[in-house]
Amino acid sequence: MSLIVKDACVRRGKIETLSQLSLHVRSGEKVALIGHNGAGKTTLMKASLGLLPLAAGEIEVDGARPGSAHARNCTAYLPENVSFHPALTGAEVLRMFGTLKKTRENISALLDRVGLGEAGQRRVGTYSKGMRQKLGLAQVLLSKPRLAILDEPTSGLDPIARGDFYGIVDELAAAGSAVLISSHALTELEAKTDRIVILRKGKLVVDDKLEVLRRKADLPMKLRISACTSIHNVLTEKFSALKVSDERFEISCRPTQKMALLSELTSLGESLHDMDIIPPHLDDLYRHYSKEAIL
Amino acid sequence: MNSILAIAACEFRISRRNNLLRATVAMMVLFAVSLTVLGSGATGALGVDMLTAASASLATLSVYIVPLIALLLSFDAIAGEVDRGTLALVLSYPAPRTSLVIGKLLAHLLALGVALVLGYGAAIAVCLALGTVSTASLLLVLKLTIGGLLLGAAFLGLGYALSAWAKGAGAAAGYAIGIWLVFVVLYDVALLAGLVLSGADGAFTQDFFPWLLIANPADAFRLVTLPTGQAAELASGFVSADLARSYAPMVSLLAWPLAALGLAAFAMRRVEP
Ligand SMILES: Nc1ncnc2c1ncn2[C@@H]1O[C@H](COP(=O)(O)OP(=O)(O)OP(=O)(O)O)[C@@H](O)[C@H]1O
Ligand SMILES: [Mg+2]
């Protein structure tokens, strides 16, 4: 078990920014942390790094107190919106952090791996936002961390860089790291993480596998159909389909009814040109679970 | 140890690439040269060599510019890292918190040393070209350099403390200007006002003024580094020459860096990344 959070509370002034939160992240597991702005994602991460004191509860990183020498040795962190001193080059920044971590990682290979390459010899002041983010990621890869804490790591990355980033996260997890990622880009977390944790106002609302969440939420999925004109009436009347455009219709159905509906539809035969099944979006799930918490 | 050196190396690079700092050091060199040339007229009258004559002006110049350089180097040191989000990152690394401050201190002292060597070196070069340099005067400049480093260390410590305490680099810059004004300008003005109000025989002039003068690191630096005889002259009879020549200014100049760095370490422990 790489990260154990037990009933953790963090207070800032009078408000409790984290209350009674419990969470486990095993090694090799990728956990997505989502929640509204100010939900307490960054707070949870900083508390796990020992940068914020706990008002109650406890946190263990690889069996040690957060912030202890052992915990810091086996943790890697990417802060949100990180930017390094503009007068230093990327390679100089990495070399310094490498010495702090006591690793002999090849800096130029690391720069190539995150896609900075040549830019590593330029000053950070000349970097774009995405390039600074990549430098932050390179710093995470200096060692093989038992626990990687990544705060909005993909903000500012282009789609290809984002894909590469999740590739690197997969490698980390495959090598046995526990990975905790916070993000607002819900759709991209969908396929890339093992578990979803939703925070709301400092409280944990949901902590489960995506499929389980889907099933529990029982949100309607959509079937998108294009069919020839002869069966348009059947579709609208019998299946109460919604006409989207000339040839295209949309039917919403419960996950439990899906198979029955599909067999009925396929019995329509040739008149049916095409069909797409659209599961509920993570955005919808997120909305569903945060709303549930209000009630 | 390696961590401290790695931090210091990066920090020294940052100082070297700091344009504001370069401009300040260039200004210092320029002033050192012109003060030396202007002061050379008095050489014959006083019967001393040119560098000795210049050292008094160099000391006065340093009182203003060394604290300025130290604060320029240090005001951004912690607040800037908080703003960039790198303080949280550095503190999540295995090196202890204090190594961050020590690394920065080493780099900044080195940068300050380079600035002092450039400034005083220019003055020595001018004296070698135009007049005479005695061994005694070289020792005087060495004393200025060491005193300047101590004075600088005191203001570096104050700079780190205010940088950790301020919310943001902008606020830290403001506080730095304030500290410079108070210690280097306003303090002496206030003392002068006290002297005028209390008169030559007043209790303030007799009992408090000498100690207040020594308590300010900038004034202590002046007392320590001015050539003997001139120290008493500076005090213009208000401070007994005994006190000015005693160990008290030296103790003050040594105690200030320690106290200021202690303050910085304390502020650093409380800073929230
Ligand atoms: N330095 C601070 N001082 C006081 N309160 C703070 C501080 N930083 C954050 N907070 C409060 O803590 C709460 C949680 O903030 P946190 O930064 O953890 O949110 P977050 O989930 O990371 O949000 P975002 O998605 O915007 O990054 C908020 O209510 C915020 O106002
Ligand atoms: Mg955040």
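A:GLU58 falls short on exactly one of the conditions (1) surrounded by fewer than 20 Cβ atoms within 10 Å (Cβ to Cβ); (2) assigned to a strand (DSSP E or B); (3) within 16 Å of ligand 1 (Cβ to nearest atom), and that condition is (3). What do you reckon, is A:LEU52 under 30 Å from B:ARG22 (Cβ atoms) and in contact with a strand residue (DSSP E or B) (Cβ under 8 Å, 6 or more places away or on another chain)? No; evaluated as a whole, the condition is false for this residue. Counting only helices (runs of 4 or more DSSP H) that sit completely within region A:216-295, those holding 3 or more residues that are in contact with a helix residue (DSSP H, G or I) (Cβ under 6 Å, 6 or more places away or on another chain) correspond to A:282-294. One residue alone among A:LEU235, A:LEU261, A:LEU242, A:LEU268 is without any contact (Cβ under 8 Å) to a residue 12 or more places away in the chain and of a type in the set (A, V, I, L, M, F, W, C), and that residue is A:LEU242. Filtering region B:78-95 to residues that are over 18 Å from A:ARG95 (Cα atoms) and either more than 7 Å from every other protein chain (Cβ to nearest Cβ) or modelled with pLDDT of 95 or more (or both) leaves B:ILE78, B:ALA79, B:GLY80, B:VAL82, B:ASP83.
Looking only at region A:25-49, which residues are small (Gly, Ala, Ser) and more than 9 Å from ligand 1 (Cβ to nearest atom)? Scanning region A:25-49 gives A:SER27, A:GLY28, A:ALA32, A:ALA47, A:SER48.
The residue pairs whose first member lies in region A:132-159 and is within 18 Å of A:LEU111 (Cβ to Cβ), whose second member is in a loop (DSSP other than H, G, I, E, B) and of a type in the set (D, E, K, R), and whose beta carbons are closer than 6 Å, counting only pairs six or more residues apart or on different chains, are A:LEU142/A:GLU105.
Taken over region A:48-74, residues that are at the interface with chain B (Cβ under 7 Å from one of its Cβ atoms) and in contact with a Gly (Cβ under 9 Å, 6 or more places away or on another chain) amount to 3. State which residue is nearest to A:ILE15 (Cα to Cα) when the search covers only region A:44-55 and only residues that are within 16 Å of ligand 2 (Cβ to nearest atom) and in a loop (DSSP other than H, G, I, E, B). Applying the filter and picking the extreme gives A:LEU52.
Residues in region B:192-223 that are within 18 Å of B:LEU150 (Cβ to Cβ) and not in a helix (DSSP H, G or I): B:ASN216 only.
Only one of the numbered conditions (1) over 30 Å from A:SER68 (Cβ atoms); (2) within 16 Å of ligand 2 (Cβ to nearest atom) is violated by A:GLN133, and that is (1).
Evaluating A:ALA191 against the criteria (1) away from ligand 1 (no atom under 16 Å from the Cβ); (2) touching a Pro at 6+ places or on another chain (Cβ under 8 Å) leaves one unmet condition, (2).
Restricting A:THR154, A:THR103 to those that are modelled with pLDDT under 95, within 16 Å of ligand 2 (Cβ to nearest atom) and among the hydroxyl-bearing types (Ser, Thr, Tyr) reduces the list to A:THR154. Looking only at region B:247-273, which residues are part of a loop (DSSP other than H, G, I, E, B) and either touching a residue at least 60 places away in the same chain (Cβ under 8 Å) or within 14 Å of chain A (Cβ to nearest Cβ) (or both)? Within region B:247-273, B:VAL271, B:GLU272, B:PRO273 qualify. Summed over region B:96-106, residues that are part of a helix (DSSP H, G or I) and within 11 Å of chain A (Cβ to nearest Cβ) total 4. All conditions but one from (1) within 11 Å of another protein chain (Cβ to nearest Cβ); (2) at pLDDT below 95; (3) more than 27 Å from B:MET1 (Cα to Cα); (4) crowded, with 20+ Cβ neighbours inside 10 Å apply to A:MET45; the one that does not is (2).
Yes or no: region A:167-180 includes at least one residue that is more than 23 Å from A:THR75 (Cα to Cα) and within 16 Å of ligand 1 (Cβ to nearest atom). Scanning region A:167-180, I find no residue that is more than 23 Å from A:THR75 (Cα to Cα) and within 16 Å of ligand 1 (Cβ to nearest atom), so the answer is no. Exactly one residue among A:VAL244, A:VAL212 is farther than 30 Å from A:ASN81 by Cα, in contact with an Asp or Glu (Cβ under 8 Å, 6 or more places away or on another chain), surrounded by fewer than 14 Cβ atoms within 10 Å (Cβ to Cβ) and among the β-branched types (Val, Ile, Thr), and that residue is A:VAL244.
Can you spot a residue in region B:175-191 that is closer than 14 Å to B:GLY80 by Cβ and either touching a helix residue (DSSP H, G or I) at 6+ places or on another chain (Cβ under 8 Å) or in a helix (DSSP H, G or I) (or both)? Checked region B:175-191: at least one residue is closer than 14 Å to B:GLY80 by Cβ and either touching a helix residue (DSSP H, G or I) at 6+ places or on another chain (Cβ under 8 Å) or in a helix (DSSP H, G or I) (or both). Are any residues in region A:206-234 modelled with pLDDT of 85 or more and under 16 Å from the mean Cα position of the chain (by Cα), and if so, which ones? Residues satisfying the conditions are A:VAL206, A:ASP207, A:ASP208, A:LYS209.
Every condition in (1) part of a helix (DSSP H, G or I); (2) in contact (Cβ under 8 Å) with a residue 60 or more places away in the chain is met by B:LEU128 except one, and the failing one is (2). Checking every residue in region B:200-211 against the condition of being closer than 30 Å to B:ASP76 by Cβ, away from ligand 2 (no atom under 16 Å from the Cβ) and at pLDDT 80 or above gives zero matches.
The values are calculated or read from the model by the stated rules, or taken from the named source; none is laboratory data. From a predicted model like this one, the values you see are computed outputs, not experimental measurements. Don't worry about glycine lacking a Cβ; one is built from the backbone with ideal geometry, like all the others, and counts go over all protein chains shown.
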